[in-house]
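*Asks:* I am attaching a structure below and will ask some questions about it afterwards.
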Amino acid sequence: MCAIELEPVIRTARLRLRKPRRKDAARIAALANDIDVARMTTRMPHPYGLDHAETYLDSLAGRDPSREALFVVDHEDEGLIGMLGFHPNELGRAELGYWLGRPYWGQGYATEAASAALVWASKDWRRRMVVAGHFADNPASGEVLCKAGFLYTGEVRRLPSAARGEPVPARMMVWLA
Ligand SMILES: CC(C)(COP(=O)(O)OP(=O)(O)OC[C@H]1O[C@@H](n2cnc3c(N)ncnc32)[C@H](O)[C@@H]1OP(=O)(O)O)[C@@H](O)C(=O)NCCC(=O)NCCS
C-alpha cells in the first residue's frame, strides 16, 4: 500500500504546482473574476469575489487526497497564475480541470502545467486513466489537452456552466498512462 503524499509539489521549467492556501484567496479572486475564464469552466460563478475564493479554499480542508488533488499554479516570477485539479467525476474517475488568469494565456503555461500534472498523476498518484472535457466553443483548451496526450472519445455531453447559467456541449477526452 502506497502512502498518499498530502502536499505534493510539481515542478516544471517555469512553474510550480502546490497545495492551495487561504492566503491565495485575494489573488485567485482577482484573476478568476473574469467572465472569459468563468464561462469556460463548469463550476466557477461570475462575478467571482473574495468570498467565493475563501469559501472554496476552506472547502478543500475536508477533501480526500486519494480521490482529489488540487493545485495552484505558481509562476517563477509572477506568483500565482491559475489553478489545476483532478476531481472525482460521477464514476470516481479523476477528471482534469484548470484555468489561468487572462494575462498568462498564450504562452504555453497550461500545456506545461497539465503535462507535468499527468506525469505526477501516473507516477505518484498511481492513476492509469484521467478524463477531461472542454466546452465545444473552447478550442484552446482542446489544444492543451491534445498536446498533453488526451484523445477524443467521441462523446459530447451537455455539462453545466455556473457562469453561463445553462448547460453547454462539452467534448469528452481521455488520457491513459
Ligand atoms: C484554456 C487555457 C487554460 C489555455 O491556457 P494557455 O496557457 O493559453 O494554453 P497554451 O498556451 O498551453 O496552449 C493553448 C493552445 O491553444 C491554441 N489556441 C488558442 N486559441 C485557439 C483557438 N481559438 N482555436 C484553436 N487553438 C487555439 C494556441 O495556439 C495554443 O496552441 P499552440 O501552442 O500549439 O500554438 C486558458 O485560456 C484559460 O484558462 N481559459 C479560461 C478557462 C478554461 O478555458 N479552462 C479550461 C476548461 S476545460
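The values are calculated or read from the model by the stated rules, or taken from the named source; none is laboratory data. Just so it is clear, the model here is predicted, and its values are computed rather than measured. Here the Cβ positions follow ideal geometry from the backbone for every residue, glycine too, while neighbour counts run over all protein chains shown. In case anyone asks, the SASA skips ligands and DNA or RNA and just uses the protein heavy atoms, side chains included. Shrake-Rupley method; radii C 1.70, N 1.55, O 1.52, S 1.80 Å.
*Asks:* Which residue, of 80, 70, 84, is open to solvent by less than 50 Å² (accessible area, probe 1.4 Å) and over 28 Å from residue 157 (Cα atoms)?
*Replies:* The unique qualifying residue is 80.
*Asks:* Something else about it: List the residue pairs whose Cβ atoms are under 8 Å apart, where the first residue sits in the range 139-158 and is closer than 21 Å to residue 90 by Cβ and within 6 Å of the ligand (Cβ to nearest atom), the second is open to solvent by less than 70 Å² (accessible area, probe 1.4 Å) and not hydroxyl-bearing (Ser, Thr, Tyr), and the two are 6 or more positions apart or on different chains.
*Replies:* 141/40; 141/110; 141/134; 141/135
*Asks:* Now, a different point. Return the residues of the range 100-110 that are in contact with a helix residue (DSSP H, G or I) (Cβ under 7 Å, 6 or more places away or on another chain) and open to solvent by less than 30 Å² (accessible area, probe 1.4 Å); say none if nothing qualifies.
*Replies:* Passing the criteria: 100, 101, 110.
*Asks:* Tell me the residue from 94, 132, 113 that is open to solvent by less than 20 Å² (accessible area, probe 1.4 Å), within 20 Å of residue 28 (Cβ to Cβ) and within 16 Å of the ligand (Cβ to nearest atom), please.
*Replies:* The match here is 113.
*Asks:* Tally up the residues in the range 36-51 that are over 16 Å from the mean Cα position of the chain (by Cα), surrounded by fewer than 13 Cβ atoms within 10 Å (Cβ to Cβ) and outside any loop (DSSP other than H, G, I, E, B), please.
*Replies:* 1
*Asks:* Of everything in the range 1-35 that's open to solvent by 30 Å² or more (accessible area, probe 1.4 Å) and outside any loop (DSSP other than H, G, I, E, B), which residue is farthest from residue 167 (Cα to Cα)?
*Replies:* Applying the filter and picking the extreme gives 11.
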